[in-house]
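I have placed the structure first, in the form of structure tokens, so that the comments after it can refer back to it.
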Amino acid sequence: MDNGLPKHVAIIMDGNGRWAEQRQMPRFAGHRAGVETVRAIVKESARLGIEALTLFAFSTENWRRPRPEVNFLMDLFMSALDQELDELHRRNVRFRVIGDLDGFSRKLRSAIERGVTLTAGNDGLTLVIAVNYGGRWDITQAMRKLGTRIRDGQLAPEEVTLDHIHAELCLNDLPEPDLFIRTGGEHRISNYLLWQLAYTELYFCDCLWPDFDIIQFQRALESYGRRQRRFGMTGLQVEANQGSGALQEMQSGL
Ligand code: IPE
Ligand code: IPE
Ligand code: MG
């Protein structure tokens, strides 16, 4: 049943640095404060019954930042994992990570693996953290896998469909993101889920990530609830199809 709630919310958590700078604090302080927001939004998403929440924590381009900031972000991710995992597990959250993990230390990779294994059987909120993730990286890794299948004779080039590509991309087993939120005032995608956001509703807010709270989150959800998703059809067609499940089929067939 469609309750007006997005099944999958994908967020770019932006504005930590500016939040700290406004307070004459080092950027690190903003990242640390941002973890509190993550905790609150994860808890609220689980409470609301949202199926999946994907959070952009570190992009393939963020390596360009000053080394101390990159190191701090890695350490913060590691310590947040350590601290939050048991609580996530208790809340029945299924924890996942997407991104190129080859760029990470062995210690961090095994902490991630431990978290994924511990929570694999949970059937509440699926929490996906995108780290060392880039939409272009995602498409590239999918093409490599597809190319290998073609080379090995499992698939002919002319047989390649949208479904084959979809199947090799990250998040392929989750509903496509219904709602995208970017905090921090910038109106761009910054190489987030390029393929997956094809028909996602976009929501931008000026609020810096450490200031984002469940009231702001509610505003984004309400904005989503007021929108008419047409997937290429006319408004009249959408109204005629409402409640028939046809729209959902349309979306999953994109
Ligand atoms: C988002 O906040 C966190 C990461 C990119 C890791 P920023 O660090 O980009 O904060 P601003 O945009 O500089 O304020
Ligand atoms: C996007 O934020 C990446 C994350 C939030 C992890 P950035 O702050 O890196 O994006 P740009 O550089 O302003 O586009
Ligand atoms: Mg930023």
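The values are calculated or read from the model by the stated rules, or taken from the named source; none is laboratory data. Since we're looking at a predicted model, the values are computed, not measured. Here the Cβ positions follow ideal geometry from the backbone for every residue, glycine too, while neighbour counts run over all protein chains shown. Remember, those area values only see protein heavy atoms, side chains included, never the ligands or the DNA or RNA. Shrake-Rupley method; radii C 1.70, N 1.55, O 1.52, S 1.80 Å.
So, with a 1.4 angstrom probe, what is the percent of accessible area on segment 8-252 that is carbon and sulfur? Reported share for carbon and sulfur atoms: 50 percent.
Over the chain, dividing the summed -39,500 (n - 2.57) contributions of all DSSP H runs of at least 4 residues by the number of residues returns a 222 nm mean residue ellipticity of -14500 deg cm²/dmol. When the surface is traced with a 1.4 Å probe over the full set of protein chains, R39 keeps roughly 90 Å² accessible.
For the chain, give the magnitude of the charge dipole about the Cα centre (Cβ charges: +1 Lys/Arg, -1 Asp/Glu; no others), in debye to the nearest 20. List each step's numbers first, then the result.
Working: 31 positive and 34 negative charges, 128 e Å.
Value, rounded to 20: 620 debye.
With viscosity 1.567 mPa s and temperature 4 °C, the Kirkwood radius over alpha carbon pairs of the chain converts through Stokes-Einstein to a diffusion coefficient of 67 µm²/s. In summary, the lysines within cross-link reach of K7, defined as a Cα separation below 23 angstrom excluding same-chain residues under 8 places away, comprise K43.
Using a cutoff of 8 angstrom between alpha carbon atoms and counting only pairs six or more residues apart, the relative contact order for the chain works out to 28 percent. What separates the Cα centres of segment 54-117 and segment 26-49 is a distance of 14 Å. Of all the options A130, A40, A240, the one that moves most in a Gaussian network model of the chain with Cα springs shorter than 10 angstrom is A240.
Place +1 on the Cβ of every Lys and Arg and -1 on the Cβ of every Asp and Glu in the chain, take the dipole about the Cα centre, and give the residue among L146, H89, L208 whose Cα lies farthest towards its positive end. Final value for the positive-end residue is L208.
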